[in-house]
Amino acid sequence: MHKHPHFNPQRRQMMGAALGAGALGAMSSLSFAAGGNGSGKRFVFVVLRGGLDGLSAAPAVGDPEFAAARGPLAQFGSAPLTLDATFALHPSLAQLHTLYAAGELAVVHAVGLPYRERSHFDAQQVLESGGVRPYELTTGWLGRALAPSAAKSLALNTAVPLVLRGPGVVDTWAPSALPDPSADLVARLERMYGNDAALATALQRAKTLHFDGAMPGDMNAMDTKAMSIAGRGGNFTLLAQRAAEFLAQPNGPQAAVLELGGFDSHANQANPNGALSNTLRQLDAGLAALREGLLASGTWSRTVVVVATEFGREVAVNGTLGTDHGTGGAAFVLGGAVKGGRVIADWPGLAKRERFEGRDLRITTDLRAVLRGVLADHLQVATRSLNTDVFPGSETVKPLGLLKA
Amino acid sequence: MANPSSLQAAIAAHRFGLGEPSLEAIAPDPQQWLLAQIGPADAPRGDGLLSTAQALEHVAAEREKRQLAKNPPAGMTAEQVLAGHYRDVIVADARSRLLTAATTTRPFAERLQLFWANHFTVSLAKGATRGLVGAFERDAIRPNIAGSFETLLVASTTHPAMLRYLDNVQSAGPRSRIVARAARRAERSGEGPRITGLNENLAREVLELHTLGAESARGANGSYTQADVTAFARVLTGWRVGLQSTDPGDAFDANWHEPGAKTVLGKVYAEGPDALRRVLHDLAFHPATANFIATKIARHFVADIPPPALVDRLAQTYLRNDTRLAPVYQELVRSPEAWMPQPMKLKTPEEFVLSATRVLRFNPRLFERGDNAIGIGALGQRIQAAPSPAGWSDRAEDWLGPDAVWKRIEWSTRTANRVGGSVDARALAAQSLGPLLSLETKTQIERAADGPQALALLLMAPEFQRR
């Protein structure tokens, strides 16, 4: 059996360790001592599903039109956290605010996709496929970007999200409440899958992730614990912690994808204890946990995280103290390798005449400028590959410089 | 080599049904076995099932309980007041869905019910629907799966669970009486008005996910625009079952309705509650809807990328029969494309677990340790809790990640540990798969180390995972 002594997502005794910082530190230093593969660069893409309201996450409080344009949504439970003269962060994003102050977080605003309609499902397809129109591409931009270097990637999910689909190797991991199969059963299944390539491939990948040395301890108890954490809404933090463990391994994946849903804030979105505030708190806690998990091994300094959503929302409040689907929004770029402490925006303003179709924040920065910049500068993806394979049709999109010199 | 009718029986059992422990009853006439099942879904089985009216009453009572928990009566903690909050209803709903599908003698009808419940997703993932999802499936979907699509669409769109799930209960006409009243009240109190206007959520998803399909909005010849979404949202105003209301028949409140005529897809609809039924009628009869529904049905039963000729025929049948669905199902069953021996579909986790439960004749040991949903949630498809209004994916690629396949193996291991000692997997493989059973699978099952391992191999066999 092929073994990966350091990259071993399912070695379940680590589940318990993931919940305590001590063991995590020990493991990370082990990884560090073993050295890295290639550049050791790490990239994390966080997909926020449902359409994050950029003007709630990063309100333009200094825009003279802000209060009038947003009405009741200009009010927050506590004061927004100041970024610069114009922008602030939602009060639920306190740890991101600290990262901003430390120069590790950049906010990109009035950003969006080439897609201008307002369907979640089409917009997510464009966000993940990297195409211009929905369904013109059937694989993901990150999957294609990693293909030439054959770099490994990991989705913290049972299913492979579209963004990672492509020719390369994708591992998936999610906590389990079920018992492990025996190695003998798996070997027999392998023989049985001789004529089913898809099942054979999935099993082969899963096996190398799961069977790696002994799995001592009370695995079920730990999994149950993980599940109960997931049930309390701490799932994203747990997944971020696990992502950090894998990424910190020298043999680990170069890229990881995390997903967080619940941003479709059609109603009562200003409520400080409401769904949007809570989901933003989860995002904040998860990103902080990711950083924490990557710091000790020194991986954080080689990491870039991009947080993006399928679209922003209408500027004006709707009839239910929420917002309906829009276009322009906000994205976050963070990491030890990021030149942060700045808001990057060609700010279009919030006056009605400046809005896209009179209703949405106008997109002035193409999200692909962010992604092209990170892929080129951080993962050394060649421009030609970016133009033709990764983001076809994006030749004229000028990449943003987001990294430290 | 097997005779053709036993191959057809195996295909009927797995591709159109939910698996059978024996193909004997199907073999004489597999097509007829399916055609005879077309009709309303079985009455739901199980205990503790609430009608929509009862479910609304229960939700109202739970809301009161939550208020009470803020100031618990002497001698009680908030936790005690809230004990069992919604849980009994959610468990009963999930268990009934499973029990009905696992024990029905009309599995094709049950597959159609599961298909439509997914098409018209109402999900527990949103708190506003808690306690109502089961009632929605039982009252809006089950009786209507073989009637007209128009009837199904109206039942879904006006059901309290859908009106809450997609926020229509809160959507008010900007010039409605309720908004004017809220504005006056706000002026007196000095606070911002609580109700001010539209919420487009339901309007958009009915167009995009339930009728025309997103594809029809794309490109230069798009069949609907943002203006249509907004106008349809105006039509929908007033269709609400208030959070305090317990009467599902009283779903329209004129005070919330936007006055005046509205233009949707180029057609003018007069003010009032009847406009919604007219718009839904026109949407149901729209060629884009026919194509969208035909594509989804063909994708569900035949292949992730369905044969275009089949889709065309289903769409034509749908339009020719005034959106009646029974003729569409009949056309599907009679189509040669649907009987190709090579399985093109991967079972979803729920279909996989249901078919395993059926071939194991609903063995009670599957439900050890109070495991009501027998682990479907652990396979990534929590019952009645799809992650978005688009429902669960109907494509293999979304269920074939390494972790997803691994979890199926884990689930099969656990199931085999529970019941494998008392099942002859070799006989069961032959009886349930018939000519679909491959030599490789048969050999592996025969060579298994013990009964549980043989059963795990059967459950994880390609011909059991696919359909």
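Here, each number is a calculation from the coordinates, and none is a lab measurement. Every value quoted in this text rests on a predicted model; they were computed, and no experiment measured them. Here the Cβ is made from the backbone with ideal geometry for all residues, glycine too, and neighbour counts use every protein chain on show.
The calculated FRET efficiency for A:Ala101 paired with A:Gln75, based on their beta-carbon distance and R0 = 25 Å, is about 0.55. Taking 26 Å as the limit for the C-alpha separation, the pairs A:Lys152/B:Lys347; A:Lys41/B:Lys126; A:Lys352/A:Lys404; A:Lys41/A:Lys398; A:Lys41/A:Lys339; A:Lys207/B:Lys347 exceed it in the case of A:Lys152/B:Lys347; A:Lys41/B:Lys126; A:Lys352/A:Lys404. Annotation: extensible slack from B:Asp450 through B:Ala270 equals 57.8 nm (criterion: 0.36 nm per residue apart, minus Cα-Cα distance). Once Rg and the Kirkwood radius are both taken over the C-alpha atoms of the stretch B:52-147, their ratio Rg/Rh works out to 1.09.
Panel order for B:Lys296, B:Lys70, by other beta carbons found within 10 Å of each beta carbon, from fewest to most: B:Lys70, B:Lys296.
If both residues of a DSSP beta bridge must be in the protein assembly as shown, then about 45% of such bridges are antiparallel.
Dividing the summed helix terms, -39500 (n - 2.57) for each DSSP H run of n ≥ 4, by the number of residues in chain B produces a 222 nm estimate of -14000 deg cm²/dmol to the nearest 500.
Between B:Asn417 and A:Glu136, the modelled labels are 5.1 nm apart [label points 7 Å from Cα along Cα→Cβ]. A convex hull fitted to the Cα coordinates of chain B yields 160 cubic angstrom per residue.
Close amide-amide hydrogen proximity is noted between A:Leu350 and A:Glu65, each under 5 Å apart and 5 or more residues distant or on a separate chain (H modeled in the peptide plane; Pro and chain starts excluded).
Over every pair of different alpha-carbon atoms in the protein assembly as shown, take the mean of 1/r and invert it; report that Kirkwood radius in Å.
Numbers: mean 1/r = 0.0352 Å⁻¹.
Kirkwood radius, the protein assembly as shown: 28.4 Å.
The H on the amide N of A:Glu314, modeled in the peptide plane, is under 5 Å from the matching H of A:Asp324, A:His325, A:Gly326, each at least 5 residues off or on a different chain.
Annotation for A:Asn273 and A:Glu354: the two label points, set 7 Å from Cα along the Cα-Cβ direction, are 3.6 nm apart.
Looking at chain B, identify the longest residue range that excludes and avoids all GluC sites (Glu not before Pro) in DSSP loops having at most 16 other Cβ atoms within 10 Å.
Excluding the exposed sites themselves, the longest stretch runs over B:192-467.
Give me the net charge of B:Val423's neighbourhood, meaning all other residues with Cβ under 14 Å from the Cβ of B:Val423; Lys, Arg count +1, Asp, Glu -1. Net of charged neighbours comes to +3. Grab the beta carbon distance between B:Gln342 and B:Thr225, set R0 = 45 Å, and tell me the FRET efficiency rounded to 0.05. With a Förster radius of 45 Å, E is 0.60. Rg over Rh for the stretch B:349-465 works out to 0.97, using Cα positions for both radii and the Kirkwood form for Rh. If you average the alpha carbon positions of the stretch B:288-345 and of the stretch B:58-86, how far apart do those two centres end up, in angstrom? The distance from the Cα centre of the stretch B:288-345 to that of the stretch B:58-86 comes to 49 Å. Could you list which residues have their amide H under 5 Å from that of A:Ala267, counting only those 5 or more apart in sequence or on another chain, with H placed in the peptide plane? Those qualifying (amide H under 5 Å, at least 5 residues apart or on another chain) are A:Thr323. Compared with the alpha-carbon gap, the fully stretched path from B:Arg277 to B:Lys65 is longer by 72.7 nm at 0.36 nm per residue.
FRET efficiency for B:Ala430 and B:Arg320, Cβ-Cβ distance as r, R0 = 60 Å, nearest 0.05? Step by step, r from the Cβ atoms, then E = 0.90. Phi angles of the stretch A:301-314 translate, via the Karplus equation with coefficients 6.51, -1.76, 1.60 and θ = phi - 60°, into HN-Hα couplings of 5, 10, 10, 10, 10, 10, 10, 9, 10, 6, 6, x, 10, 4 Hz per residue; Gly and Pro are given as x.
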